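Presented below is the structure to which this report refers.
The values are calculated or read from the model by the stated rules, or taken from the named source; none is laboratory data. Remember, it's a predicted structure, so these values are computed and weren't measured experimentally. Neighbour counts run over all protein chains shown; Cβ positions are idealised from the backbone, glycine included.
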């Protein structure tokens, strides 16, 4: 398949590039924020990863998040329609589009609606993938990398609320699940997650270092974000924790 990728410098993109190349697919072009979008006419799939992704930050940078997540999606949809109308468009959305517990979640829902409109009025083939917690080496800002980096650097973890339950998947499992979905399933909305929740308290205690509550780290989000379907064939969470922790210790 001939693939075009946005958000090419992002965390998931690096793993996606590697997986596509191992499959024998071709990257015909890519773009990051601020770059020129040129989608070759013979492109088969447009993977749209480009987005701002920090829920807490989105509350104070609302225009920036709207511009990147909604405006950026519209730009990709319009370019695909005019330059490669037969290509599949894959929007990397978020589970927060269901919960709407941050401005980030609202921008993802609006981006999905843009995709739905282009599918309805222009017959574009669009996949709206609602990803749950995706983690791994090279990520930042998520609970696992936050805790792992603190444990490795300082021998302790400052944390917010630990009573959250999150559906967390290893990026090495998520990317193949996404590619399978786009290859074999019809356009539509798909949940990308393990279908089981992991207690954030368990994640924090796994590192076996002192824990310290920090009010500034508290997020006002729904207690549970868990996929209604098991679409990711996930490895044990402990394997992912060990992989991420070792990467931080080696830095």
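The table that follows gives values for the structure above.
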item	result
Matching option when the condition is in a loop (DSSP other than H, G, I, E, B), more than 23 Å from residue 184 (Cα to Cα) and in contact with a strand residue (DSSP E or B) (Cβ under 6 Å, 6 or more places away or on another chain), among 36, 30, 8	8
Of residues in the range 232-251 being at pLDDT below 95 and in contact with a strand residue (DSSP E or B) (Cβ under 9 Å, 6 or more places away or on another chain), the one farthest from residue 169 (Cα to Cα)	235
The range 130-164, subset modelled with pLDDT of 95 or more and in a strand (DSSP E or B), residue farthest from residue 211 (Cα to Cα)	130
Selected residue (criterion: nearest to residue 6 (Cα to Cα)) from residues of the range 61-72 that are without any contact (Cβ under 8 Å) to a residue 24 or more places away in the chain and assigned to a helix (DSSP H, G or I)	71
Filtered residues of the range 199-216 (kept if on the phi < 0 side of the Ramachandran plot and part of a loop (DSSP other than H, G, I, E, B))	207, 209, 210, 214
Residue list for the range 84-102, restricted to those being in a loop (DSSP other than H, G, I, E, B), crowded, with 20+ Cβ neighbours inside 10 Å and in contact with a helix residue (DSSP H, G or I) (Cβ under 9 Å, 6 or more places away or on another chain)	87, 95, 102
Residue in the range 121-129 that is in a loop (DSSP other than H, G, I, E, B), crowded, with 16+ Cβ neighbours inside 10 Å and at pLDDT 95 or above present	yes
Residue under evaluation residue 58, criteria (1) surrounded by fewer than 22 Cβ atoms within 10 Å (Cβ to Cβ); (2) out of contact with any strand residue (DSSP E or B) (no Cβ under 7 Å at 6 or more places or on another chain); (3) touching a residue at least 40 places away in the same chain (Cβ under 8 Å), criterion not met	(1)
Among (1) more than 21 Å from residue 112 (Cβ to Cβ); (2) at pLDDT 95 or above; (3) surrounded by 15 or more Cβ atoms within 10 Å (Cβ to Cβ) - the single one residue 47 does not satisfy	(1)
Of all residues making up the range 217-251, the number that are part of a helix (DSSP H, G or I) and touching a residue at least 40 places away in the same chain (Cβ under 8 Å)	11
Matching residues, the range 164-184, being in contact with a strand residue (DSSP E or B) (Cβ under 8 Å, 6 or more places away or on another chain) and either surrounded by 21 or more Cβ atoms within 10 Å (Cβ to Cβ) or more than 12 Å from residue 130 (Cβ to Cβ) (or both)	164, 165, 166, 167, 168, 169, 170, 171, 174, 177, 178, 182
Restricting the range 198-225 to residues that are under 30 Å from residue 91 (Cβ atoms) and at pLDDT 95 or above, the residue that is surrounded by the fewest Cβ atoms within 10 Å (Cβ to Cβ)	199
From 17, 11, residue being surrounded by 18 or more Cβ atoms within 10 Å (Cβ to Cβ) and free of Cβ contacts under 8 Å to residues at least 24 places away in the same chain	17
Filter pass, residue 131 being in contact with a strand residue (DSSP E or B) (Cβ under 7 Å, 6 or more places away or on another chain) and either within 11 Å of residue 69 (Cα to Cα) or free of Cβ contacts under 8 Å to residues at least 60 places away in the same chain (or both)	no
